[in-house]
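The values are calculated or read from the model by the stated rules, or taken from the named source; none is laboratory data. Quick caveat: nothing in here was measured; it's all calculated off a predicted structure. Neighbour counts are summed over all protein chains in view; Cβ atoms, including those assigned to glycine, are modelled from backbone coordinates with ideal geometry.
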Amino acid sequence: MDRMKNKGKMKIIVLTIAAAAIVIAAVAGIVLFLNKEKSNPEEVAKQYFKLLSAGKYEEMYQLLDADTKKNVSEETYTERNRNIYEGIEAANIKATVTADEKRKNDKKESVSYQMKMDTSAGEVSFDNEMELKKDEDGIYRVVWSSSDIFPELGENEKVRISNTEARRGQLYDRNNVALTQEGIVAQVGLIPGKMEANHQDALAQIGSILGVDPADIEASLSASYVKDDTFVPIKAVAFDDNVTQDALLAIPGVMISNVTDRVYPLKESTGHLTGYTQAISAEELEKKSGDGYAASSVIGKAGLERGYESTLKAASGSDIYIESEDGVRQETIASTAPADGSDVHVTIDANLQQTIYQLFAEDVSSVVAMNPKTGELLALVSTPSYDPNEFILGMSGTRWEELNNDVNQPLTNRYASAWVPGSTFKPVIGAIGVSTGLLNPDENKGNVGLSWQKDASWGDYHVTTLTDYGDEVNLRNALVYSDNIYFARAALDIGTDTMQQQLKAIGFDEEIPLDIDAAASTYGTDGKIDNEIQLADTGYGQGQVQVNPIHLASIYSAFVNSGNMILPVIRQEEGMSASYWKEGVFTPESTEIIRKDLIQVIEDPSGTGAKGQIPGYTLLGKTGTAETKGSQAEAGATEYGWFVCETAEDTTNPLLVVAMVKDVQDKGGSNYVTEKVRQIFESYLL
């Protein structure tokens, strides 16, 4: 045991010696530089500023002359420089050094320099002089004073920063309903002098209520600025959370102060839509250098907050000035005025958004509502959702882990993702086939039963369908009864090359031109359909087809726009007009055929979408049930229920809804989704 202890001590000694060697080596490097450049004060000054630019204050100190070091300790020098330069967020420090012959003798010499740097208050530039002095070895060293930092700065004066907050732009829906606003939150804090002497139990209790590590609270209380009467902020809670506030106020030393902050009044119903803001990270700050951000800035992290960050962002005003020893403000070094962010109005209908959220809140789902004539996105809902106010108030690590580990993934934005579309893809295949002349909508392909394969080369693989609807196997009936086999055969008739070409023409493997994140739709590995089975499965929305719900809405809009896909838009601007994302993707004749057939999907009592019918309104639609499993024989696959529904004729309130719900196998399949979508249309149209 003693030997082990001795080994440990030896290891510590070795490490200490190694660390000392590094310091000695660094100093030796500076001395070597000085010896090399002993007769060149300009090069010494350049080296000094090079170290300054790198923030190497300890190494800068080694360049100072002996008299300066007698008067200023390394700790004092380093702390003064670090506090000033880092306090003003100095970056890109550049000094241009020139010789000054006016004050030259055998021992002293000045160099002039022009200094430029970026700060939290903008660019600072000034002309200054630095005095250097030869030591006994004939080496020039810096005769340092505080005026080397700023010409106006005296030894006992301080550099201060005063920030003026600016207002971040707000988000509003199409009817001026606030999606974000300035609201009141309750800031929970502690007054150390009012806490009990042994406060560990109190910290544990506070930590449990707020979801904060008691050690973090203790660290905040131990900060150098904290006095007995200091209010030490811990975490904010919702203004109306009286239960939590009452529990906290029962603990000695707790104080709650109402403060203004950004809030999301519609909470979970718009969580994925609005996203949230948080403090800018070091990586983001570096990436956005020069864009007006400071270490204290907030930035949009998701949703509309991120999509419109450049418009919404506020630039705080900042003054950097010198303060005299007795606290009087002196010269201003730099100043920028605050700049408020601009408000953004979006096409979203907050009432419709909340209606849809309430209908699907208990599901794992994605719902997109759009005006198919203008492309205006009226609702974007992903469930389960999250309350963005949690991020503003300060989310605990425990809560973050809870959200991340939730099996239903509430942080996943499903309308921004791509999914297997199932039978909702059949009208797309029908439109491609008819438009290219490779599918005759009136042709009777013949009844081949409920299980089919092209030939024996497919081995054990068969395409199956659910309903035997008779011997009239044409496009209309195949859509009404959702015949997988018909569309698998249609896909084979279209062929791989044409299929790939046509899918690309309608936006597959292409970024959706939208101001918010939306995954691209895909149909195969590296943009290829590899074999006949995959091609056949593509025909009924399986295989490797993955479709973004917003993209699918745009495709369906072509059925009421003569073959033109509307451009989805989410920002509402004065004088905006509808435009197409893709023109002429289907022929007008083909879209009219599909439109009429999809009306029958709802109006025919035998149609798979019959539960979506609303008396007095002509709607078109298509159900879908997509399965995800590793093989055809696998049991218990996850089923995704789909229903796409659209007003089929001109109306004052055009509406298109794309809805997808996960795990519908025990809920009635796609009928579960169809009935909920019908309720959306009823609330919007009636």
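Looking only at the range 317-338, decide whether some residue is exposed (fewer than 15 other Cβ atoms within 10 Å of the Cβ), among the acidic types (Asp, Glu) and outside the structural domain of Gly271 (by TED's automatic domain parsing).
No, every residue in the range 317-338 fails to be exposed (fewer than 15 other Cβ atoms within 10 Å of the Cβ), among the acidic types (Asp, Glu) and outside the structural domain of Gly271 (by TED's automatic domain parsing).
Select from the range 659-686 the residues that are small (Gly, Ala, Ser) and at positive phi and write down the one among them that is surrounded by the fewest Cβ atoms within 10 Å (Cβ to Cβ). Let's see the steps before the verdict.
Filtering the range 659-686 for residues small (Gly, Ala, Ser) gives 659, 668-670, 683.
From what's left, at positive phi: 668-669.
On the way: Gly668: 13, Gly669: 18.
Going through the qualifying residues, I end up with Gly668.
Does any residue in the range 665-683 that is more than 13 Å from Phe360 (Cα to Cα) come within less than 9 Å, Cβ to Cβ, of a residue that is assigned to a loop (DSSP other than H, G, I, E, B) and modelled with pLDDT under 95 six or more places away or on a different chain, and which pairs are these?
Gln665/Gly636; Gln665/Ala637
Determine, yes or no, whether Ser577 is modelled with pLDDT under 95, assigned by TED's automatic domain parsing to the domain that holds Trp452 and either of a type outside the set (A, V, I, L, M) or outside any helix (DSSP H, G or I) (or both).
Judged against the criteria, Ser577 is a match.
Would you point out which residue out of Ser220, Ser224 is more than 30 Å from Leu273 (Cβ to Cβ) and assigned to a loop (DSSP other than H, G, I, E, B)? First the steps, then the outcome.
Numbers: Ser220 fails: assigned to a loop (DSSP other than H, G, I, E, B).
Just a single option satisfies the conditions, and that option is Ser224.
In the range 70-92, what residues are part of a loop (DSSP other than H, G, I, E, B) and surrounded by 14 or more Cβ atoms within 10 Å (Cβ to Cβ)? Write out each step before concluding.
Step one: of the range 70-92, the residues part of a loop (DSSP other than H, G, I, E, B) are 72-73, 88-90.
Val72, Ile88, Glu89, Ala90, listed by residue number.
Can you say whether Asn176 is on the phi > 0 side of the Ramachandran plot and either modelled with pLDDT of 95 or more or of a type outside the set (A, V, I, L, M, F, W, C) (or both), as far as the supplied structure shows?
Taking the combined requirement at face value, the residue satisfies it.
Give the range 195-213 a look and list any residue that's assigned to a helix (DSSP H, G or I) and free of Cβ contacts under 8 Å to residues at least 60 places away in the same chain, or say none.
Correct list: Gln200, Asp201, Ala202, Leu203, Ala204, Gln205, Ile206, Gly207, Ser208, Ile209.
Listed residues Ala95, Ala25, Ala20, Ala121; which is at pLDDT below 95 and either charged (D, E, K, R) or surrounded by 12 or more Cβ atoms within 10 Å (Cβ to Cβ) (or both)?
Ala121
State all residues of the range 454-476 that are closer than 21 Å to Ile594 by Cα and either buried (at least 21 other Cβ atoms within 10 Å of the Cβ) or in contact with a Lys or Arg (Cβ under 6 Å, 6 or more places away or on another chain) (or both); if no residue qualifies, say none.
Within the range 454-476, Thr465, Val473, Leu475 qualify.
Would you confirm whether or not the range 331-345 contains a residue that is touching a residue at least 12 places away in the same chain (Cβ under 8 Å) and closer than 25 Å to Val560 by Cβ? It would help to see each step written out before you state the result.
Going through the range 331-345, the residues touching a residue at least 12 places away in the same chain (Cβ under 8 Å) turn out to be 331-345.
If we keep only those that are closer than 25 Å to Val560 by Cβ as well, we get none.
No: zero hits.
Given (1) part of a helix (DSSP H, G or I); (2) outside the structural domain of Lys582 (by TED's automatic domain parsing), where does Asn408 come up short, assuming only one miss?
So the condition that Asn408 fails would be (1).
So, in the range 594-609, exactly how many residues are in a helix (DSSP H, G or I) and surrounded by fewer than 24 Cβ atoms within 10 Å (Cβ to Cβ)?
Summing the residues that are in a helix (DSSP H, G or I) and surrounded by fewer than 24 Cβ atoms within 10 Å (Cβ to Cβ) in the range 594-609 gives 5.
Go over the candidates Thr538, Thr522 one by one and state the one that is surrounded by fewer than 19 Cβ atoms within 10 Å (Cβ to Cβ) and among the polar types (S, T, N, Q).
Thr522
Can you find a residue in the range 648-658 that is within 21 Å of Tyr357 (Cβ to Cβ), more than 29 Å from the chain's Cα centre (by Cα), buried (at least 19 other Cβ atoms within 10 Å of the Cβ) and in contact (Cβ under 8 Å) with a residue 12 or more places away in the chain?
Within the range 648-658 (the criterion being within 21 Å of Tyr357 (Cβ to Cβ), more than 29 Å from the chain's Cα centre (by Cα), buried (at least 19 other Cβ atoms within 10 Å of the Cβ) and in contact (Cβ under 8 Å) with a residue 12 or more places away in the chain), the answer is no, since none of the residues qualifies.
Could you please tell me which pairs satisfy a Cβ distance under 7 Å, a separation of 6+ or placement on different chains, a first residue in the range 540-563 that is on the phi < 0 side of the Ramachandran plot, and a second residue that is at pLDDT 95 or above and among the basic types (Lys, Arg)?
Short answer, once both residue conditions are applied: Tyr540/Lys426; Phe559/Arg595; Val560/Arg595.
Checking Glu182 against (1) outside any strand (DSSP E or B); (2) surrounded by fewer than 16 Cβ atoms within 10 Å (Cβ to Cβ): exactly one of these is not met. Which one?
Failing condition for Glu182: (1).
When you look at Glu627, is it more than 21 Å from Leu466 (Cβ to Cβ) and under 33 Å from the mean Cα position of the chain (by Cα), yes or no? Break it down stepwise before answering.
Values: more than 21 Å from Leu466 (Cβ to Cβ): no; under 33 Å from the mean Cα position of the chain (by Cα): yes.
Answer is no for this residue.
Could you list, in sequence order, the residues of the range 421-441 that are assigned to a loop (DSSP other than H, G, I, E, B) and surrounded by fewer than 22 Cβ atoms within 10 Å (Cβ to Cβ)? Full working, then the answer.
Start the filter on the range 421-441 by keeping residues that are assigned to a loop (DSSP other than H, G, I, E, B), which leaves 421, 437-441.
Selection gives Gly437, Leu438, Asn440, Pro441.
Based on what the data block shows, is Gly621 outside any loop (DSSP other than H, G, I, E, B), small (Gly, Ala, Ser) and in contact with an Asp or Glu (Cβ under 7 Å, 6 or more places away or on another chain)?
yes
With respect to Gly612, determine if the residue is surrounded by 19 or more Cβ atoms within 10 Å (Cβ to Cβ), at pLDDT 95 or above and farther than 25 Å from Val545 by Cα.
For Gly612, the condition - surrounded by 19 or more Cβ atoms within 10 Å (Cβ to Cβ), at pLDDT 95 or above and farther than 25 Å from Val545 by Cα - is met.
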